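J.: Here you go, one structure.
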Number of protein chains: 2
Amino acid sequence: MAQSLARADRRTNADDVFDYLHGEIVSLRLLPGTRISEIEVAGQFDVSRQPVREAFIRLANLDLLLVRPQKATVVRQFSSEKIKRARFIRMAVECEVLRRACRSASPLHDERLRKDLEEQQAAMKARDVERFHALDYDFHEHLCDAGDCALMFGTIAENKAAVDRICVLSLSEPATMEELHEDHALIAEALGRRDEGELIGAIKAHLSRLDDVIAGIRKSHADFFED
Amino acid sequence: MAQSLARADRRTNADDVFDYLHGEIVSLRLLPGTRISEIEVAGQFDVSRQPVREAFIRLANLDLLLVRPQKATVVRQFSSEKIKRARFIRMAVECEVLRRACRSASPLHDERLRKDLEEQQAAMKARDVERFHALDYDFHEHLCDAGDCALMFGTIAENKAAVDRICVLSLSEPATMEELHEDHALIAEALGRRDEGELIGAIKAHLSRLDDVIAGIRKSHADFFED
DNA sequence: CGGGCCACGCTACCATACCAGATTGCGCAG
DNA sequence: CTGCGCAATCTGGTATGGTAGCGTGGCCCG
(Lines give C-alpha, C1' and ligand atoms only; values in the text may rest on other atoms or scores of the structure.)
Protein backbone atom coordinates (compact mmCIF):
# COMPACT_ATOMS: atom_id res chain seq x y z
CA MET A 1 0.00 0.00 0.00
CA ALA A 2 2.86 2.27 -0.72
CA GLN A 3 3.36 3.11 -4.38
CA SER A 4 0.05 4.91 -4.55
CA LEU A 5 1.37 8.27 -5.55
CA ALA A 6 4.60 8.86 -7.38
CA ARG A 7 5.40 5.46 -8.72
CA ALA A 8 9.09 4.90 -8.99
CA ASP A 9 9.54 4.99 -12.73
CA ARG A 10 7.61 6.83 -15.34
CA ARG A 11 4.57 9.00 -14.85
CA THR A 12 1.49 7.97 -16.84
CA ASN A 13 -1.85 9.56 -17.56
CA ALA A 14 -3.43 7.01 -15.30
CA ASP A 15 -1.24 8.30 -12.48
CA ASP A 16 -2.54 11.82 -13.01
CA VAL A 17 -6.15 10.74 -12.90
CA PHE A 18 -5.48 8.56 -9.89
CA ASP A 19 -3.77 11.31 -7.92
CA TYR A 20 -6.49 13.80 -8.74
CA LEU A 21 -9.37 11.55 -7.77
CA HIS A 22 -7.51 10.27 -4.74
CA GLY A 23 -7.10 13.80 -3.51
CA GLU A 24 -10.71 14.68 -4.17
CA ILE A 25 -11.95 11.67 -2.28
CA VAL A 26 -9.73 11.73 0.77
CA SER A 27 -10.32 15.46 1.16
CA LEU A 28 -14.05 14.79 0.97
CA ARG A 29 -14.52 17.20 -1.92
CA LEU A 30 -16.06 14.12 -3.48
CA LEU A 31 -18.52 12.78 -0.96
CA PRO A 32 -19.34 9.11 -0.34
CA GLY A 33 -22.14 7.96 -2.58
CA THR A 34 -21.29 10.34 -5.40
CA ARG A 35 -21.72 8.72 -8.78
CA ILE A 36 -18.76 8.99 -11.07
CA SER A 37 -18.38 7.79 -14.62
CA GLU A 38 -15.38 6.74 -16.66
CA ILE A 39 -16.46 8.77 -19.66
CA GLU A 40 -17.06 11.89 -17.64
CA VAL A 41 -13.62 11.87 -16.06
CA ALA A 42 -12.01 10.93 -19.35
CA GLY A 43 -13.58 14.05 -20.85
CA GLN A 44 -12.27 16.28 -18.08
CA PHE A 45 -8.73 15.04 -18.55
CA ASP A 46 -9.02 14.75 -22.31
CA VAL A 47 -7.79 11.18 -22.30
CA SER A 48 -9.45 7.95 -23.30
CA ARG A 49 -11.40 5.76 -20.94
CA GLN A 50 -8.57 3.31 -20.51
CA PRO A 51 -6.30 5.31 -18.19
CA VAL A 52 -9.34 6.45 -16.23
CA ARG A 53 -10.38 2.87 -15.89
CA GLU A 54 -6.98 1.99 -14.56
CA ALA A 55 -7.19 4.75 -11.98
CA PHE A 56 -10.63 3.48 -10.94
CA ILE A 57 -9.27 0.00 -10.41
CA ARG A 58 -6.51 1.27 -8.19
CA LEU A 59 -8.92 3.39 -6.19
CA ALA A 60 -11.28 0.45 -5.85
CA ASN A 61 -8.43 -1.61 -4.43
CA LEU A 62 -7.94 1.05 -1.80
CA ASP A 63 -11.64 0.77 -0.96
CA LEU A 64 -12.18 4.35 -2.05
CA LEU A 65 -14.39 3.49 -5.01
CA LEU A 66 -16.98 0.84 -5.54
CA VAL A 67 -17.28 -0.22 -9.14
CA ARG A 68 -20.35 -2.22 -10.00
CA PRO A 69 -20.09 -3.78 -13.46
CA GLN A 70 -22.77 -2.67 -15.89
CA LYS A 71 -24.23 -0.40 -13.28
CA ALA A 72 -22.16 2.48 -12.07
CA THR A 73 -19.15 3.50 -10.04
CA VAL A 74 -19.62 5.42 -6.82
CA VAL A 75 -17.41 6.90 -4.17
CA ARG A 76 -17.38 4.31 -1.47
CA GLN A 77 -19.00 4.97 1.86
CA PHE A 78 -17.24 4.74 5.17
CA SER A 79 -17.19 1.49 7.02
CA SER A 80 -17.51 1.55 10.78
CA GLU A 81 -15.72 -1.76 10.92
CA LYS A 82 -12.85 -0.47 8.90
CA ILE A 83 -12.55 2.56 11.14
CA LYS A 84 -12.59 0.41 14.24
CA ARG A 85 -9.93 -1.83 12.80
CA ALA A 86 -7.74 1.11 11.85
CA ARG A 87 -8.02 2.60 15.30
CA PHE A 88 -7.33 -0.72 16.98
CA ILE A 89 -4.24 -1.35 14.92
CA ARG A 90 -2.97 2.14 15.53
CA MET A 91 -3.56 1.83 19.25
CA ALA A 92 -2.00 -1.62 19.54
CA VAL A 93 1.04 -0.73 17.48
CA GLU A 94 1.69 2.57 19.19
CA CYS A 95 1.35 0.99 22.63
CA GLU A 96 3.89 -1.63 21.72
CA VAL A 97 6.20 1.01 20.30
CA LEU A 98 6.01 2.95 23.55
CA ARG A 99 6.61 -0.11 25.68
CA ARG A 100 9.80 -0.60 23.74
CA ALA A 101 10.62 3.06 24.00
CA CYS A 102 10.64 2.69 27.78
CA ARG A 103 13.58 0.36 27.35
CA SER A 104 15.35 1.77 24.31
CA ALA A 105 14.89 5.54 24.43
CA SER A 106 17.99 7.66 24.92
CA PRO A 107 18.25 11.19 26.32
CA LEU A 108 18.54 12.39 22.74
CA HIS A 109 15.08 11.08 22.05
CA ASP A 110 13.71 12.81 25.12
CA GLU A 111 15.33 16.00 23.96
CA ARG A 112 13.83 15.65 20.50
CA LEU A 113 10.35 15.26 21.99
CA ARG A 114 10.87 18.24 24.24
CA LYS A 115 11.66 20.37 21.20
CA ASP A 116 8.59 19.03 19.43
CA LEU A 117 6.46 20.17 22.34
CA GLU A 118 7.93 23.63 22.15
CA GLU A 119 7.18 23.86 18.45
CA GLN A 120 3.67 22.68 19.08
CA GLN A 121 3.21 25.37 21.64
CA ALA A 122 4.44 27.96 19.16
CA ALA A 123 1.99 26.77 16.50
CA MET A 124 -0.71 26.72 19.15
CA LYS A 125 -0.13 30.32 20.11
CA ALA A 126 -0.08 31.30 16.45
CA ARG A 127 -3.37 29.45 15.99
CA ASP A 128 -1.71 27.69 13.04
CA VAL A 129 -3.82 24.53 12.82
CA GLU A 130 -2.12 23.35 9.67
CA ARG A 131 1.30 23.57 11.22
CA PHE A 132 0.11 21.93 14.43
CA HIS A 133 -1.30 19.06 12.45
CA ALA A 134 2.04 18.44 10.76
CA LEU A 135 3.85 18.68 14.10
CA ASP A 136 1.43 16.13 15.50
CA TYR A 137 2.66 13.61 12.94
CA ASP A 138 6.27 14.54 13.67
CA PHE A 139 5.76 13.93 17.37
CA HIS A 140 4.41 10.44 16.79
CA GLU A 141 7.20 9.74 14.36
CA HIS A 142 9.75 10.64 16.98
CA LEU A 143 8.00 8.33 19.43
CA CYS A 144 8.64 5.56 16.92
CA ASP A 145 12.28 6.60 16.76
CA ALA A 146 12.46 6.43 20.54
CA GLY A 147 11.06 2.91 20.42
CA ASP A 148 13.59 1.95 17.75
CA CYS A 149 10.65 1.19 15.47
CA ALA A 150 11.09 3.78 12.74
CA LEU A 151 9.58 1.49 10.17
CA MET A 152 6.30 1.30 12.07
CA PHE A 153 5.61 5.00 11.69
CA GLY A 154 4.25 4.39 8.23
CA THR A 155 1.65 2.06 9.69
CA ILE A 156 0.73 4.49 12.42
CA ALA A 157 0.50 7.44 10.03
CA GLU A 158 -1.60 5.46 7.58
CA ASN A 159 -4.17 4.52 10.17
CA LYS A 160 -4.09 7.92 11.82
CA ALA A 161 -4.75 9.57 8.46
CA ALA A 162 -7.65 7.26 7.70
CA VAL A 163 -9.33 8.36 10.90
CA ASP A 164 -8.35 12.02 10.75
CA ARG A 165 -9.94 12.53 7.38
CA ILE A 166 -13.31 11.43 8.64
CA CYS A 167 -13.13 13.76 11.59
CA VAL A 168 -13.23 16.86 9.42
CA LEU A 169 -16.94 16.09 9.19
CA SER A 170 -17.32 16.73 12.86
CA LEU A 171 -19.72 19.48 13.74
CA SER A 172 -17.94 20.26 16.96
CA GLU A 173 -14.28 21.11 16.92
CA PRO A 174 -12.64 17.66 17.29
CA ALA A 175 -10.16 18.54 19.96
CA THR A 176 -8.42 21.74 20.74
CA MET A 177 -4.75 22.10 20.09
CA GLU A 178 -4.40 22.79 23.79
CA GLU A 179 -5.83 19.39 24.69
CA LEU A 180 -3.63 17.58 22.21
CA HIS A 181 -0.55 19.42 23.35
CA GLU A 182 -1.36 18.54 26.92
CA ASP A 183 -1.71 14.87 25.95
CA HIS A 184 1.61 14.96 24.19
CA ALA A 185 3.26 16.55 27.17
CA LEU A 186 1.94 13.81 29.44
CA ILE A 187 3.21 11.17 27.07
CA ALA A 188 6.65 12.69 26.81
CA GLU A 189 6.78 13.11 30.55
CA ALA A 190 5.78 9.51 31.31
CA LEU A 191 8.30 8.30 28.78
CA GLY A 192 10.92 10.51 30.35
CA ARG A 193 10.32 8.72 33.65
CA ARG A 194 10.30 5.38 31.82
CA ASP A 195 7.00 4.72 33.56
CA GLU A 196 5.36 2.14 31.33
CA GLY A 197 2.06 2.05 33.15
CA GLU A 198 1.57 5.80 33.05
CA LEU A 199 2.77 5.94 29.47
CA ILE A 200 0.27 3.38 28.21
CA GLY A 201 -2.48 5.14 30.11
CA ALA A 202 -1.51 8.46 28.56
CA ILE A 203 -1.41 7.21 24.99
CA LYS A 204 -4.71 5.38 25.37
CA ALA A 205 -6.32 8.50 26.76
CA HIS A 206 -4.91 10.45 23.83
CA LEU A 207 -6.26 8.00 21.29
CA SER A 208 -9.62 7.83 23.01
CA ARG A 209 -10.32 11.50 22.46
CA LEU A 210 -11.93 10.68 19.14
CA ASP A 211 -14.39 8.16 20.56
CA ASP A 212 -17.17 10.67 20.97
CA VAL A 213 -16.31 12.60 17.82
CA ILE A 214 -16.57 9.50 15.67
CA ALA A 215 -19.74 8.31 17.33
CA GLY A 216 -21.22 11.72 16.65
CA ILE A 217 -20.29 11.64 12.98
CA ARG A 218 -21.67 8.13 12.69
CA LYS A 219 -25.02 9.56 13.74
CA SER A 220 -25.00 12.96 12.07
CA HIS A 221 -23.82 11.56 8.73
CA ALA A 222 -25.39 8.13 8.82
CA ASP A 223 -25.89 8.22 5.06
CA PHE A 224 -22.12 8.28 4.56
CA PHE A 225 -21.76 4.91 6.24
CA GLU A 226 -22.32 1.54 4.68
CA ASP A 227 -23.02 -0.28 7.94
CA MET B 1 -7.95 -5.05 1.03
CA ALA B 2 -10.95 -7.28 1.09
CA GLN B 3 -12.74 -7.67 -2.20
CA SER B 4 -9.73 -9.31 -3.80
CA LEU B 5 -11.42 -12.55 -4.72
CA ALA B 6 -15.10 -12.93 -5.36
CA ARG B 7 -16.20 -9.40 -5.98
CA ALA B 8 -19.74 -8.83 -4.93
CA ASP B 9 -21.49 -8.57 -8.27
CA ARG B 10 -20.57 -10.00 -11.58
CA ARG B 11 -17.64 -12.22 -12.40
CA THR B 12 -15.40 -10.99 -15.19
CA ASN B 13 -12.53 -12.43 -17.18
CA ALA B 14 -10.24 -10.09 -15.33
CA ASP B 15 -11.37 -11.75 -12.10
CA ASP B 16 -10.43 -15.16 -13.43
CA VAL B 17 -6.97 -14.04 -14.45
CA PHE B 18 -6.51 -12.26 -11.16
CA ASP B 19 -7.52 -15.24 -9.06
CA TYR B 20 -5.32 -17.59 -11.05
CA LEU B 21 -2.22 -15.42 -10.88
CA HIS B 22 -2.88 -14.56 -7.26
CA GLY B 23 -2.96 -18.22 -6.40
CA GLU B 24 0.18 -18.97 -8.37
CA ILE B 25 2.10 -16.18 -6.69
CA VAL B 26 1.08 -16.66 -3.07
CA SER B 27 1.64 -20.40 -3.36
CA LEU B 28 5.08 -19.66 -4.78
CA ARG B 29 4.46 -21.68 -7.90
CA LEU B 30 5.44 -18.41 -9.53
CA LEU B 31 8.66 -17.35 -7.88
CA PRO B 32 9.75 -13.78 -7.18
CA GLY B 33 11.63 -12.32 -10.09
CA THR B 34 9.77 -14.33 -12.70
CA ARG B 35 9.04 -12.30 -15.78
CA ILE B 36 5.49 -12.32 -16.95
CA SER B 37 3.91 -10.68 -19.95
CA GLU B 38 0.42 -9.46 -20.71
CA ILE B 39 0.40 -11.13 -24.12
CA GLU B 40 1.58 -14.45 -22.79
CA VAL B 41 -1.10 -14.68 -20.11
CA ALA B 42 -3.73 -13.41 -22.51
CA GLY B 43 -2.85 -16.28 -24.80
CA GLN B 44 -3.17 -18.86 -22.03
CA PHE B 45 -6.63 -17.65 -21.07
CA ASP B 46 -7.68 -16.90 -24.64
CA VAL B 47 -8.76 -13.38 -23.75
CA SER B 48 -7.50 -10.02 -24.90
CA ARG B 49 -4.73 -8.12 -23.21
CA GLN B 50 -7.07 -5.69 -21.51
CA PRO B 51 -8.49 -7.96 -18.81
CA VAL B 52 -4.99 -9.29 -18.17
CA ARG B 53 -3.81 -5.74 -17.77
CA GLU B 54 -6.53 -5.15 -15.21
CA ALA B 55 -5.50 -8.19 -13.26
CA PHE B 56 -1.90 -6.99 -13.33
CA ILE B 57 -2.92 -3.63 -11.95
CA ARG B 58 -4.78 -5.21 -9.09
CA LEU B 59 -1.89 -7.54 -8.29
CA ALA B 60 0.52 -4.62 -8.43
CA ASN B 61 -1.62 -2.81 -5.89
CA LEU B 62 -1.24 -5.79 -3.58
CA ASP B 63 2.54 -5.54 -4.04
CA LEU B 64 2.57 -8.96 -5.64
CA LEU B 65 3.63 -7.72 -9.05
CA LEU B 66 5.97 -4.98 -10.09
CA VAL B 67 4.98 -3.42 -13.38
CA ARG B 68 7.54 -1.12 -14.90
CA PRO B 69 6.09 0.98 -17.70
CA GLN B 70 7.63 0.29 -21.08
CA LYS B 71 9.82 -2.34 -19.54
CA ALA B 72 8.42 -5.54 -18.19
CA THR B 73 6.35 -6.98 -15.41
CA VAL B 74 7.87 -9.28 -12.84
CA VAL B 75 6.67 -11.13 -9.79
CA ARG B 76 7.67 -8.90 -6.96
CA GLN B 77 10.34 -9.95 -4.52
CA PHE B 78 9.87 -10.18 -0.82
CA SER B 79 10.57 -7.17 1.30
CA SER B 80 12.22 -7.68 4.65
CA GLU B 81 10.67 -4.45 5.81
CA LYS B 82 7.22 -5.56 4.82
CA ILE B 83 7.68 -8.83 6.65
CA LYS B 84 8.89 -7.05 9.75
CA ARG B 85 5.94 -4.71 9.64
CA ALA B 86 3.49 -7.56 9.22
CA ARG B 87 4.97 -9.44 12.14
CA PHE B 88 5.03 -6.35 14.32
CA ILE B 89 1.40 -5.56 13.61
CA ARG B 90 0.38 -9.12 14.23
CA MET B 91 2.28 -9.21 17.49
CA ALA B 92 1.02 -5.86 18.71
CA VAL B 93 -2.59 -6.58 17.81
CA GLU B 94 -2.64 -10.06 19.25
CA CYS B 95 -1.03 -8.87 22.48
CA GLU B 96 -3.67 -6.21 22.88
CA VAL B 97 -6.40 -8.73 22.12
CA LEU B 98 -5.08 -11.02 24.82
CA ARG B 99 -4.80 -8.23 27.36
CA ARG B 100 -8.46 -7.59 26.77
CA ALA B 101 -9.22 -11.28 26.92
CA CYS B 102 -7.84 -11.34 30.45
CA ARG B 103 -10.68 -9.03 31.40
CA SER B 104 -13.45 -10.14 29.08
CA ALA B 105 -13.08 -13.88 28.59
CA SER B 106 -15.82 -16.12 29.94
CA PRO B 107 -15.62 -19.79 30.92
CA LEU B 108 -17.22 -20.59 27.57
CA HIS B 109 -14.22 -19.13 25.83
CA ASP B 110 -11.86 -21.16 27.98
CA GLU B 111 -13.86 -24.24 27.15
CA ARG B 112 -13.71 -23.48 23.44
CA LEU B 113 -9.94 -23.17 23.60
CA ARG B 114 -9.65 -26.41 25.53
CA LYS B 115 -11.54 -28.20 22.77
CA ASP B 116 -9.32 -26.58 20.16
CA LEU B 117 -6.29 -27.99 21.94
CA GLU B 118 -7.79 -31.45 21.89
CA GLU B 119 -8.45 -31.25 18.20
CA GLN B 120 -4.94 -30.04 17.61
CA GLN B 121 -3.64 -33.02 19.55
CA ALA B 122 -5.72 -35.33 17.40
CA ALA B 123 -4.42 -33.80 14.19
CA MET B 124 -0.94 -33.98 15.64
CA LYS B 125 -1.19 -37.68 16.34
CA ALA B 126 -2.60 -38.27 12.88
CA ARG B 127 0.34 -36.29 11.45
CA ASP B 128 -2.24 -34.26 9.55
CA VAL B 129 -0.30 -31.04 8.92
CA GLU B 130 -2.99 -29.55 6.75
CA ARG B 131 -5.61 -30.01 9.40
CA PHE B 132 -3.32 -28.72 12.11
CA HIS B 133 -2.66 -25.62 10.09
CA ALA B 134 -6.37 -24.89 9.83
CA LEU B 135 -6.85 -25.52 13.54
CA ASP B 136 -4.03 -23.11 14.23
CA TYR B 137 -6.04 -20.35 12.60
CA ASP B 138 -9.16 -21.42 14.48
CA PHE B 139 -7.34 -21.22 17.77
CA HIS B 140 -6.22 -17.66 17.14
CA GLU B 141 -9.68 -16.74 15.98
CA HIS B 142 -11.11 -17.99 19.26
CA LEU B 143 -8.55 -15.94 21.13
CA CYS B 144 -10.00 -12.92 19.36
CA ASP B 145 -13.45 -14.01 20.43
CA ALA B 146 -12.27 -14.26 24.01
CA GLY B 147 -10.93 -10.72 23.80
CA ASP B 148 -14.20 -9.54 22.34
CA CYS B 149 -12.31 -8.47 19.25
CA ALA B 150 -13.78 -10.73 16.59
CA LEU B 151 -13.25 -8.13 13.91
CA MET B 152 -9.52 -8.09 14.49
CA PHE B 153 -9.08 -11.71 13.49
CA GLY B 154 -9.05 -10.68 9.85
CA THR B 155 -6.06 -8.47 10.52
CA ILE B 156 -4.26 -11.18 12.43
CA ALA B 157 -4.99 -13.82 9.82
CA GLU B 158 -3.88 -11.55 7.00
CA ASN B 159 -0.52 -10.84 8.57
CA LYS B 160 -0.08 -14.41 9.74
CA ALA B 161 -0.72 -15.66 6.20
CA ALA B 162 1.75 -13.20 4.69
CA VAL B 163 4.45 -14.63 6.91
CA ASP B 164 3.41 -18.28 6.71
CA ARG B 165 3.63 -18.34 2.96
CA ILE B 166 7.25 -17.32 3.02
CA CYS B 167 8.10 -19.99 5.54
CA VAL B 168 7.37 -22.82 3.15
CA LEU B 169 10.75 -21.93 1.65
CA SER B 170 12.44 -22.95 4.85
CA LEU B 171 14.94 -25.74 4.47
CA SER B 172 14.45 -26.92 8.02
CA GLU B 173 11.03 -27.86 9.25
CA PRO B 174 9.71 -24.52 10.60
CA ALA B 175 8.33 -25.75 13.84
CA THR B 176 6.92 -29.08 14.85
CA MET B 177 3.26 -29.43 15.56
CA GLU B 178 4.27 -30.54 19.01
CA GLU B 179 6.00 -27.24 19.70
CA LEU B 180 3.10 -25.20 18.43
CA HIS B 181 0.60 -27.22 20.39
CA GLU B 182 2.69 -26.73 23.49
CA ASP B 183 2.75 -22.97 22.87
CA HIS B 184 -1.00 -22.93 22.45
CA ALA B 185 -1.47 -24.90 25.65
CA LEU B 186 0.65 -22.38 27.56
CA ILE B 187 -1.35 -19.52 26.13
CA ALA B 188 -4.69 -21.07 26.97
CA GLU B 189 -3.44 -21.94 30.44
CA ALA B 190 -2.17 -18.43 31.18
CA LEU B 191 -5.40 -16.98 29.89
CA GLY B 192 -7.32 -19.41 32.06
CA ARG B 193 -5.52 -17.98 35.08
CA ARG B 194 -6.08 -14.44 33.73
CA ASP B 195 -2.37 -13.94 34.22
CA GLU B 196 -1.61 -11.09 31.87
CA GLY B 197 2.13 -11.11 32.36
CA GLU B 198 2.47 -14.83 31.66
CA LEU B 199 0.04 -14.58 28.77
CA ILE B 200 1.98 -11.86 26.98
CA GLY B 201 5.19 -13.77 27.53
CA ALA B 202 3.63 -16.91 26.08
CA ILE B 203 2.28 -15.26 22.96
CA LYS B 204 5.51 -13.41 22.31
CA ALA B 205 7.45 -16.63 22.64
CA HIS B 206 5.02 -18.27 20.26
CA LEU B 207 5.41 -15.53 17.69
CA SER B 208 9.18 -15.46 18.06
CA ARG B 209 9.54 -19.04 16.88
CA LEU B 210 9.84 -17.82 13.33
CA ASP B 211 12.71 -15.42 14.03
CA ASP B 212 15.39 -17.91 13.10
CA VAL B 213 13.39 -19.47 10.30
CA ILE B 214 12.91 -16.15 8.56
CA ALA B 215 16.50 -15.10 9.10
CA GLY B 216 17.54 -18.38 7.52
CA ILE B 217 15.35 -17.89 4.50
CA ARG B 218 16.62 -14.35 4.15
CA LYS B 219 20.08 -15.83 3.74
CA SER B 220 19.37 -18.99 1.79
CA HIS B 221 17.10 -17.23 -0.70
CA ALA B 222 18.70 -13.81 -0.77
CA ASP B 223 17.81 -13.44 -4.45
CA PHE B 224 14.11 -13.49 -3.53
CA PHE B 225 14.47 -10.35 -1.44
CA GLU B 226 14.52 -6.82 -2.69
CA ASP B 227 16.37 -5.37 0.30
C1' DC C 1 39.78 -8.03 -31.82
C1' DG C 2 37.16 -4.75 -28.99
C1' DG C 3 34.09 -0.98 -28.16
C1' DG C 4 30.45 2.03 -29.38
C1' DC C 5 26.40 3.00 -32.13
C1' DC C 6 22.09 1.95 -34.27
C1' DA C 7 18.17 -0.53 -35.44
C1' DC C 8 15.04 -4.02 -34.29
C1' DG C 9 11.96 -6.08 -31.19
C1' DC C 10 10.23 -6.20 -26.85
C1' DT C 11 7.42 -4.08 -23.28
C1' DA C 12 3.46 -1.60 -21.29
C1' DC C 13 0.53 2.53 -22.40
C1' DC C 14 -3.23 4.60 -24.79
C1' DA C 15 -7.12 5.25 -28.12
C1' DT C 16 -11.02 3.56 -30.53
C1' DA C 17 -14.69 0.53 -31.40
C1' DC C 18 -17.92 -2.80 -30.05
C1' DC C 19 -20.55 -5.73 -26.66
C1' DA C 20 -23.65 -6.99 -22.95
C1' DG C 21 -26.15 -6.13 -18.83
C1' DA C 22 -28.95 -2.79 -16.30
C1' DT C 23 -31.74 1.19 -15.81
C1' DT C 24 -35.02 4.38 -17.01
C1' DG C 25 -38.72 6.45 -19.07
C1' DC C 26 -42.09 6.60 -22.50
C1' DG C 27 -46.02 4.66 -24.70
C1' DC C 28 -49.68 1.66 -24.98
C1' DA C 29 -53.22 -1.19 -23.14
C1' DG C 30 -56.44 -2.21 -19.62
C1' DC D 1 -55.44 6.99 -14.45
C1' DT D 2 -52.52 3.14 -13.65
C1' DG D 3 -49.57 -0.62 -14.57
C1' DC D 4 -46.94 -3.28 -17.62
C1' DG D 5 -43.53 -3.87 -21.21
C1' DC D 6 -40.35 -2.59 -24.57
C1' DA D 7 -36.72 0.20 -26.33
C1' DA D 8 -33.40 3.83 -26.07
C1' DT D 9 -29.53 4.84 -23.42
C1' DC D 10 -26.30 4.56 -19.99
C1' DT D 11 -22.96 1.76 -17.50
C1' DG D 12 -18.68 -0.92 -17.32
C1' DG D 13 -16.22 -5.08 -19.84
C1' DT D 14 -13.64 -6.64 -23.80
C1' DA D 15 -11.12 -6.71 -28.27
C1' DT D 16 -7.77 -4.79 -31.29
C1' DG D 17 -4.46 -1.66 -33.30
C1' DG D 18 -1.12 1.77 -32.92
C1' DT D 19 2.55 4.38 -30.12
C1' DA D 20 6.58 5.38 -27.27
C1' DG D 21 10.20 4.08 -24.30
C1' DC D 22 13.68 0.72 -23.24
C1' DG D 23 16.91 -3.37 -23.83
C1' DT D 24 19.56 -6.07 -26.67
C1' DG D 25 22.03 -7.85 -30.26
C1' DG D 26 24.41 -7.16 -34.43
C1' DC D 27 27.13 -4.41 -37.28
C1' DC D 28 30.50 -1.12 -38.30
C1' DC D 29 34.48 1.40 -37.23
C1' DG D 30 38.73 2.08 -34.84
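The values are calculated or read from the model by the stated rules, or taken from the named source; none is laboratory data. Worth saying up front: this structure is predicted, and the values here are computed from it rather than measured. As a convention, Cβ positions derive from the backbone with ideal geometry for all residues, glycine included, and neighbour counts pool all protein chains shown. Keep in mind that these areas ignore ligands, DNA and RNA; they rest on the heavy atoms of the full protein, side chains included. Shrake-Rupley method; radii C 1.70, N 1.55, O 1.52, S 1.80 Å.
J.: Checking B:Lys71 against (1) more than 13 Å from chain A (Cβ to nearest Cβ); (2) not in a helix (DSSP H, G or I), which single condition isn't satisfied?
T.: Here B:Lys71 meets the rest and fails (1).
J.: Among the listed residues A:Phe88, A:Phe78, identify the single one that is at pLDDT 95 or above and at negative phi.
T.: A:Phe88
J.: Return yes when B:Glu178 is away from every other protein chain (no Cβ under 14 Å) and over 18 Å from A:Lys84 (Cα atoms) and no when it is not.
T.: Yes: the conditions hold for B:Glu178.
J.: Could you list, in sequence order, the residues of the range B:129-155 that are open to solvent by less than 60 Å² (accessible area, probe 1.4 Å) and within 21 Å of B:Asp212 (Cα to Cα)?
T.: Result: B:Asp136, single match.
J.: For A:Asp227, indicate whether it is within 30 Å of A:Leu66 (Cα to Cα) and touching a residue at least 12 places away in the same chain (Cβ under 8 Å).
T.: yes
J.: Also: When residues of the range B:135-163 are filtered for being over 19 Å from A:Ile89 (Cα atoms), among the acidic types (Asp, Glu) and touching a residue at least 24 places away in the same chain (Cβ under 8 Å), how many remain?
T.: 1
J.: From the list B:Val163, B:Val213, exactly one residue is over 30 Å from A:Ser79 (Cα atoms), out of contact with any Phe, Trp or Tyr (no Cβ under 8 Å at 6 or more places or on another chain), assigned by TED's automatic domain parsing to the domain that holds B:Arg100 and β-branched (Val, Ile, Thr). Which is it?
T.: B:Val213 is the lone residue from the list that is over 30 Å from A:Ser79 (Cα atoms), out of contact with any Phe, Trp or Tyr (no Cβ under 8 Å at 6 or more places or on another chain), assigned by TED's automatic domain parsing to the domain that holds B:Arg100 and β-branched (Val, Ile, Thr).
J.: Pick from A:Leu66, A:Leu21: which is under 22 Å from the mean Cα position of the chain (by Cα) and within 11 Å of chain B (Cβ to nearest Cβ)?
T.: Step by step, each of A:Leu66, A:Leu21 is checked, and only A:Leu66 is under 22 Å from the mean Cα position of the chain (by Cα) and within 11 Å of chain B (Cβ to nearest Cβ).
J.: Determine whether the range A:184-192 contains at least one residue that is away from chain B (no Cβ under 14 Å), assigned to a helix (DSSP H, G or I) and modelled with pLDDT under 95.
T.: Checked the range A:184-192: no residue is away from chain B (no Cβ under 14 Å), assigned to a helix (DSSP H, G or I) and modelled with pLDDT under 95.
J.: Right, another one. Return the only residue of B:Glu130, B:Glu158 being of a type outside the set (Val, Ile, Thr) and within 21 Å of B:Leu30 (Cβ to Cβ).
T.: One residue alone meets the criteria, B:Glu158.
J.: Would you tally the residues in the range A:163-183 being within 21 Å of A:Val26 (Cβ to Cβ) and either assigned to a helix (DSSP H, G or I) or touching an Asp or Glu at 6+ places or on another chain (Cβ under 9 Å) (or both)?
T.: 7
J.: Considering each residue of the range A:84-101, count those that are more than 8 Å from chain B (Cβ to nearest Cβ), more than 15 Å from A:Leu151 (Cα to Cα) and open to solvent by 20 Å² or more (accessible area, probe 1.4 Å), and give that number.
T.: The total comes to 2.
Results for (1) under 21 Å from A:Glu81 (Cα atoms); (2) touching a helix residue (DSSP H, G or I) at 6+ places or on another chain (Cβ under 7 Å), shown as yes or no for each residue.
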site	(1), (2)
B:Leu98	yes, yes
B:Ala105	no, yes
B:Glu111	no, no
B:Ala122	no, no
B:Arg127	no, no
B:Ala146	yes, yes
B:Ile156	yes, yes
B:Ala162	no, yes
B:Val168	no, no
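J.: For B:Leu180, indicate whether it is on the phi < 0 side of the Ramachandran plot, over 19 Å from the mean Cα position of the chain (by Cα), among the hydrophobic types (A, V, I, L, M, F, W, C) and open to solvent by less than 60 Å² (accessible area, probe 1.4 Å).
T.: No.
J.: Ok, one more. Search the range B:40-49 for residues being touching a residue at least 12 places away in the same chain (Cβ under 8 Å) and either within 14 Å of another protein chain (Cβ to nearest Cβ) or aliphatic (A, V, I, L, M) (or both), and hand back the single one that is farthest from DNA strand D (Cβ to nearest atom).
T.: B:Val41
J.: Mind telling me which of the residues B:Glu111, B:Glu130, B:Glu119 ends up being in a helix (DSSP H, G or I), in contact with a Leu (Cβ under 6 Å, 6 or more places away or on another chain) and either away from chain A (no Cβ under 11 Å) or modelled with pLDDT under 95 (or both)?
T.: It is B:Glu119.
J.: Let me ask something else about it. Within the range A:134-168, work out how many residues are of a type in the set (Phe, Trp, Tyr) and within 11 Å of another protein chain (Cβ to nearest Cβ).
T.: 1
J.: Answer yes or no as to whether A:Val75 is more than 8 Å from DNA strand D (Cβ to nearest atom) and under 15 Å from A:Leu30 (Cα atoms).
T.: It is true that A:Val75 is more than 8 Å from DNA strand D (Cβ to nearest atom) and under 15 Å from A:Leu30 (Cα atoms).
J.: Looking at the range B:22-57, which of its residues are under 22 Å from B:Ala161 (Cβ atoms) and more than 12 Å from DNA strand C (Cβ to nearest atom)?
T.: The answer is B:His22, B:Gly23, B:Glu24, B:Ile25, B:Val26, B:Ser27, B:Leu28, B:Arg29, B:Leu30, B:Leu31, B:Pro32, B:Gly33.
J.: Checking A:Phe56 against (1) among the aromatic types (Phe, Trp, Tyr); (2) under 21 Å from the mean Cα position of the chain (by Cα); (3) within 16 Å of DNA strand D (Cβ to nearest atom), only one condition comes out false. Which one?
T.: It is condition (2) that A:Phe56 fails.
J.: Now a separate question. State all residues of the range B:21-37 that are exposed (fewer than 15 other Cβ atoms within 10 Å of the Cβ) and within 16 Å of DNA strand D (Cβ to nearest atom); if no residue qualifies, say none.
T.: B:Gly33, B:Thr34, B:Arg35, B:Ser37
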